[in-house]
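The values are calculated or read from the model by the stated rules, or taken from the named source; none is laboratory data. Note that the structure is a prediction, hence the values are computed from the model and not measured. Counting neighbours? That spans all protein chains shown, and the Cβs are built from the backbone with ideal geometry, glycine included. Please note that ligands, DNA and RNA were not included when accessible areas were found on the heavy atoms of the full protein model with its side chains. Shrake-Rupley method; radii C 1.70, N 1.55, O 1.52, S 1.80 Å.
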Amino acid sequence: MKVPFSTFVSMQKEIKKDITKKFQDIYENAYYIHGTEFQNFNKNFADYIGVKYAVGVGNGLEALILILRAFEIGAGDEVIVPSNTYIATALAVSYVGAKPVFVEPNLDDFLINANLIEKAITKRTKAIIAVHLYGQCCDMNKIKSIAKKHNLKVIEDAAQAHGATYKGKKAGALGDAAGFSMYPGKNLGALGDAGAVTTNDKKLAEKVLALSNYGSDYKYHNLYKGLNSRLDEIQAGFLNVKLPHLDKWNSFRNEVAEEYCKKINNPKIILPSVNKDNYHVWHVFAIRCKERDKLENYLKEKGISTLKHYPIPIHLQPAYKDLDFKKGDFPIAEEISETELSLPMFYGMKKDEIKYVIDCLNEF
């Protein structure tokens, strides 16, 4: 049996007519930037997350950059980020001229270890980026308590956490502002690059909107040295079609994850943990195995596709050689990078596919 890591087939079948009609409507309307679909998405997404404001932008990386810019974080400043996140989190900090300061994660849930944050704070620290990695929220109460004590901003990197909740509140409504990616493979994905910023801060939302449009608050009037990071009408329209389906799609992913967690019983396989305060949306189902590469090849031979998130931690990437880190400096991030393997996880996954993956893992 062949089991893909991910596929959009079932999802796209369900919404094909609505997507096609949406494209035709936008095409015939002939208004492609910051039109009705953009405005509707901002309202719809803000309502879904449970915040006052959402601003559609070009992609998830730029969402974080725009938040940092809007908070006037830049050269000479430091921002705390987890040591095991995707490089985009650190790149956003670097692009505004600040320095990413890495803090190790918990080994069981892959999320930043809130107990280690305070010792990484210096007089130059301006913000903490809490990355809700793989679809599960960080320990936000503890993170916000630390931030309040040290007068820091809390920025959520919710690129993988559309619909996830912490103590009943959705990711994107838990900090001062949040950045989302709507890359096609996300739980809520566009049909191209897209992103969004969410916040309850009106001034921040207005500044992000201006910064994303060349720094302009109205045509040919530029308040800031901005950039071009606009969510176009077509992608906004597609997201408006897909958003009402998100909870159902996330619920299905939870059903797959529940089967995995209940029935994978190989002692060589370490399953991910879920905090009781969280609703995990399983953007990634990440296991760990000391024989990860051997397991990866074994599953490939069985026709099961997997991915490694992320095989080279940020501090060992050539792009960050200027920070002068070496192997061993962040051992937990390194252990995760050497042992993590992501299993197939997608809406529409068939029962026999789920069973086959479980059986193969148990036979390893």
Scope the stretch 26-52; condition touching a helix residue (DSSP H, G or I) at 6+ places or on another chain (Cβ under 6 Å) and small (Gly, Ala, Ser); matching residues: 35
- line: The one condition residue 191 fails out of (1) part of a strand (DSSP E or B); (2) within 19 Å of the chain's Cα centre (by Cα) is (1)
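Mind checking which residues of the stretch 317-364 are aliphatic (A, V, I, L, M) and either surrounded by fewer than 17 Cβ atoms within 10 Å (Cβ to Cβ) or assigned to a strand (DSSP E or B) (or both)? Walk me through how you get there before you give the answer.
Going through the stretch 317-364, the residues aliphatic (A, V, I, L, M) turn out to be 319, 323, 332-333, 336, 341, 343, 345, 349, 354, 357-358, 361.
Those that are aliphatic (A, V, I, L, M) and either surrounded by fewer than 17 Cβ atoms within 10 Å (Cβ to Cβ) or assigned to a strand (DSSP E or B) (or both): 319, 323, 341, 343.
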- prompt: With (1) open to solvent by 20 Å² or more (accessible area, probe 1.4 Å); (2) in a loop (DSSP other than H, G, I, E, B) as the list, and residue 206 as the residue in question, which single condition is left unmet?
  reply: (2)
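If you go through the stretch 295-309, how many residues are assigned to a loop (DSSP other than H, G, I, E, B) and either open to solvent by 70 Å² or more (accessible area, probe 1.4 Å) or aliphatic (A, V, I, L, M) (or both)? Please lay out each step first, then the result.
Narrowing the stretch 295-309 to residues assigned to a loop (DSSP other than H, G, I, E, B): 302-303, 305-306, 308-309.
This time we only want the ones that are either open to solvent by 70 Å² or more (accessible area, probe 1.4 Å) or aliphatic (A, V, I, L, M) (or both), so: 302.
The number of residues fulfilling the criteria is 1.
Residues 96, 131: which one is surrounded by fewer than 23 Cβ atoms within 10 Å (Cβ to Cβ), hydrophobic (A, V, I, L, M, F, W, C) and closer than 23 Å to residue 66 by Cα? Even if it seems obvious, please write down each step before you answer.
Numbers: 131 fails: surrounded by fewer than 23 Cβ atoms within 10 Å (Cβ to Cβ).
On inspection, the qualifying residue turns out to be 96.
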query: Within the set of pairs 6 or more residues apart or between chains, which connect a residue that is closer than 12 Å to residue 234 by Cα inside the stretch 33-47 to a residue that is open to solvent by 40 Å² or more (accessible area, probe 1.4 Å) and acidic (Asp, Glu) with Cβ atoms less than 7 Å apart?
result: 33/232
message: Residues that are under 30 Å from residue 296 (Cα atoms), at least 1 per element: which strands (runs of 3 or more DSSP E) completely within the stretch 1-111 meet that?
response: 78-82, 99-103
- prompt: So is residue 95 modelled with pLDDT of 95 or more and under 18 Å from residue 310 (Cα atoms) or not?
  reply: no
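Suppose the filter is open to solvent by 10 Å² or more (accessible area, probe 1.4 Å) and over 28 Å from residue 136 (Cα atoms); does residue 32 pass it?
Values: open to solvent by 10 Å² or more (accessible area, probe 1.4 Å): yes; over 28 Å from residue 136 (Cα atoms): yes.
So residue 32 fits the description; yes.
What is the residue count in the stretch 146-165 for residues that are in a strand (DSSP E or B) and open to solvent by less than 10 Å² (accessible area, probe 1.4 Å)?
Taking the stretch 146-165 as the starting set, the residues that turn out to be in a strand (DSSP E or B) are 153-157, 165.
If we keep only those that are open to solvent by less than 10 Å² (accessible area, probe 1.4 Å) too, we end up with 154-156.
Residues that pass the stated criteria total 3.
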- prompt: Could we say that residue 265 is outside any helix (DSSP H, G or I), open to solvent by 20 Å² or more (accessible area, probe 1.4 Å) and of a type outside the set (Ser, Thr, Tyr) here?
  reply: yes
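Please tell me if residue 123 is of a type in the set (D, E, K, R), over 30 Å from residue 239 (Cβ atoms), open to solvent by 10 Å² or more (accessible area, probe 1.4 Å) and part of a helix (DSSP H, G or I).
Values: of a type in the set (D, E, K, R): yes; over 30 Å from residue 239 (Cβ atoms): yes; open to solvent by 10 Å² or more (accessible area, probe 1.4 Å): yes; part of a helix (DSSP H, G or I): no.
Considered against the rule, which asks whether it is of a type in the set (D, E, K, R), over 30 Å from residue 239 (Cβ atoms), open to solvent by 10 Å² or more (accessible area, probe 1.4 Å) and part of a helix (DSSP H, G or I), residue 123 comes out as no.
Sort through 237, 226 and tell me the only one that's in contact with a Lys or Arg (Cβ under 6 Å, 6 or more places away or on another chain), within 23 Å of residue 53 (Cα to Cα) and open to solvent by less than 80 Å² (accessible area, probe 1.4 Å).
Numbers: 226 fails: in contact with a Lys or Arg (Cβ under 6 Å, 6 or more places away or on another chain).
Exactly one of 237, 226 is in contact with a Lys or Arg (Cβ under 6 Å, 6 or more places away or on another chain), within 23 Å of residue 53 (Cα to Cα) and open to solvent by less than 80 Å² (accessible area, probe 1.4 Å), namely 237.
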- line: Of the residues in the stretch 12-67, those that are under 16 Å from residue 208 (Cβ atoms) and of a type in the set (Phe, Trp, Tyr) come to 38, 41, 45, 53
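For the structure I just gave you, tell me whether residue 312 is under 22 Å from the mean Cα position of the chain (by Cα) and surrounded by fewer than 17 Cβ atoms within 10 Å (Cβ to Cβ). Write out each step before concluding.
Details: under 22 Å from the mean Cα position of the chain (by Cα): yes; surrounded by fewer than 17 Cβ atoms within 10 Å (Cβ to Cβ): yes.
Considered against the rule, which asks whether it is under 22 Å from the mean Cα position of the chain (by Cα) and surrounded by fewer than 17 Cβ atoms within 10 Å (Cβ to Cβ), residue 312 comes out as yes.
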- request: From (1) open to solvent by less than 20 Å² (accessible area, probe 1.4 Å); (2) in contact with a strand residue (DSSP E or B) (Cβ under 7 Å, 6 or more places away or on another chain); (3) closer than 17 Å to residue 332 by Cβ, pick out the condition that doesn't hold for residue 116.
  value: (1)
Options 274, 281; residue that is on the phi < 0 side of the Ramachandran plot, open to solvent by 50 Å² or more (accessible area, probe 1.4 Å) and in a loop (DSSP other than H, G, I, E, B): 274
